[in-house]
1. Do any residues in segment 158-180 that are in contact (Cβ under 8 Å) with a residue 12 or more places away in the chain and basic (Lys, Arg) have Cβ atoms under 8 Å from those of residues that are buried (at least 16 other Cβ atoms within 10 Å of the Cβ) and part of a helix (DSSP H, G or I), where the two are at least six apart or on different chains, and which pairs are they?
2. How many residues are under 17 Å from residue 193 (Cβ atoms) and among the aliphatic types (A, V, I, L, M) if we restrict to segment 52-98?
3. From the list 18, 44, 75, 58, which one is in the same structural domain as residue 209 (by TED's automatic domain parsing), without any contact (Cβ under 8 Å) to a residue 40 or more places away in the chain and closer than 30 Å to residue 226 by Cβ?
4. Got a number for residues in segment 86-112 being in contact with a helix residue (DSSP H, G or I) (Cβ under 8 Å, 6 or more places away or on another chain) and touching a residue at least 60 places away in the same chain (Cβ under 8 Å)?
5. It is to be established whether one or more residues within segment 10-22 are over 22 Å from residue 243 (Cβ atoms) and either surrounded by fewer than 17 Cβ atoms within 10 Å (Cβ to Cβ) or not small (Gly, Ala, Ser) (or both).
6. Taking residue 230, is it surrounded by fewer than 22 Cβ atoms within 10 Å (Cβ to Cβ), closer than 22 Å to residue 58 by Cα and at pLDDT 90 or above?
7. For segment 190-202, check the following and say yes or no: at least one residue is in the same structural domain as residue 391 (by TED's automatic domain parsing), crowded, with 24+ Cβ neighbours inside 10 Å and either among the basic types (Lys, Arg) or over 30 Å from residue 381 (Cα atoms) (or both).
8. So if I check each of 292, 260, which one is crowded, with 20+ Cβ neighbours inside 10 Å and modelled with pLDDT under 50?
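The values are calculated or read from the model by the stated rules, or taken from the named source; none is laboratory data. Please read all numbers here as calculations on a predicted model, not as lab measurements. Neighbour counts are summed over all protein chains in view; Cβ atoms, including those assigned to glycine, are modelled from backbone coordinates with ideal geometry.
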Amino acid sequence: MDLGAIHSEWMRRYRTHTDLALEAREVVIQHEGPPEIPGVAVETEQTPVGVISRVAITTEEGARAMGKLPGSYTTIEAPGLRLRDQEALEHVAELIGREVAAFLERWQVPQDGEVLVVGLGNWNATPDAVGPRTIHHLIVTRHFFYMAPPAARAGARPVAGISPGVLGITGLETAEIVQGIVRQIQPAVVICIDALAARSVERLGTTVQIADAGIQPGSGVGNKRFGITRQTLGVPVIAIGVPTVVHALTVVADGLDRMAAHERGNGLRAGPSGPSMGMGEAPAARVGNGPAAALGSGPTPGAVPGMPLPDPRWILQRGAGASGGMAPPPPAPVPAAQSLPPASPAAPGPGIATTAAAAQRAVLEDVLGPFMGNLIMTPKEIDVLVEDVAEMIADGLNQGLHPDLDLNRLILAATGAG
């Protein structure tokens, strides 16, 4: 199966950008409805700092439904990471080490089997620098391992690390560089570290995904590169990632979904001058005479004259029945005190729900595309978040790859000083 093809097909179907298998499952369940997805099993584990969710994709049907290759996807959610909680950082590092060690044991990788750790991403762009910064904190031992006498290698594992950069820096596809290194040194396992794209703002910097299905660098932000998988490299691949960015259109769509859910829950509420939306005051006045025409009498502060602003309620209602993304004919004038009715609370069937949600996002892309079509957002504290998670992942890898390493003894033996 081609990772890029099934991921692109999934994004076209649901118009959602995410690299997290847990979020992909949430999107499918939300749009298709229960029962559970065939070929996809989920189990959860509660920890002192968060929740571990394990998603297993076992069939081709499940892979196409999820937009992911078959394999195991472990997601660690720890909200304390955003707060720079040292206990949470240390505990998640231990969990990462435990998961990596479990993968190595499952694949029966010997203690002296070489491991190549690849820090994917652009070190010049902070949200994309998780991989390179992880390599900076990683304990690499391959050179010492082969220089030391056999008696001094106990408890050590040969680990190599590299940050190959990105296509725009090197002119080479990352997968081409990794393939060349794999052919040369023939490692037992390749571990890739990368920054991911999330669907939910709450998961930025608070979630770690560990998967054995490989990775396609840049897929979450639309930069489709060659996949780094067991099929392309010929050796097992572990992919570790932390979401650092989210698409602006996804944020807007989720906000509108919450607005619609709030309206359906509260219904119309009568005010002194007539009915209004269930969220409090009626929306601010709009400029222009299109679908976002005035619901009030004055212009919106900061609005561009002659530029109609989209009304979220119109987008939600239009999206449920739209087949394309075209602006509708101008509606009849609406009195200032009158508001549009909320979206229908009727629960459509799975197929209808999928079509309605896709149509809604299509309308969003048409209305907001010229303003924020490819806009990607990241937290303002991304610098410290990336540094924290890079150290955390490196610490976890050091624990999982070198559980009994005496680094000083190995270095002294390798240099002849011991």
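1. No pair meets every condition.
2. Total meeting the criteria: 7.
3. Of the residues listed, the single one that is in the same structural domain as residue 209 (by TED's automatic domain parsing), without any contact (Cβ under 8 Å) to a residue 40 or more places away in the chain and closer than 30 Å to residue 226 by Cβ is 58.
4. Going through segment 86-112 one residue at a time, the tally reaches 13.
5. No: segment 10-22 contains no residue that is over 22 Å from residue 243 (Cβ atoms) and either surrounded by fewer than 17 Cβ atoms within 10 Å (Cβ to Cβ) or not small (Gly, Ala, Ser) (or both).
6. Values: surrounded by fewer than 22 Cβ atoms within 10 Å (Cβ to Cβ): yes; closer than 22 Å to residue 58 by Cα: yes; at pLDDT 90 or above: yes.
Here the answer is yes, as residue 230 does meet what is asked.
7. yes
8. 292
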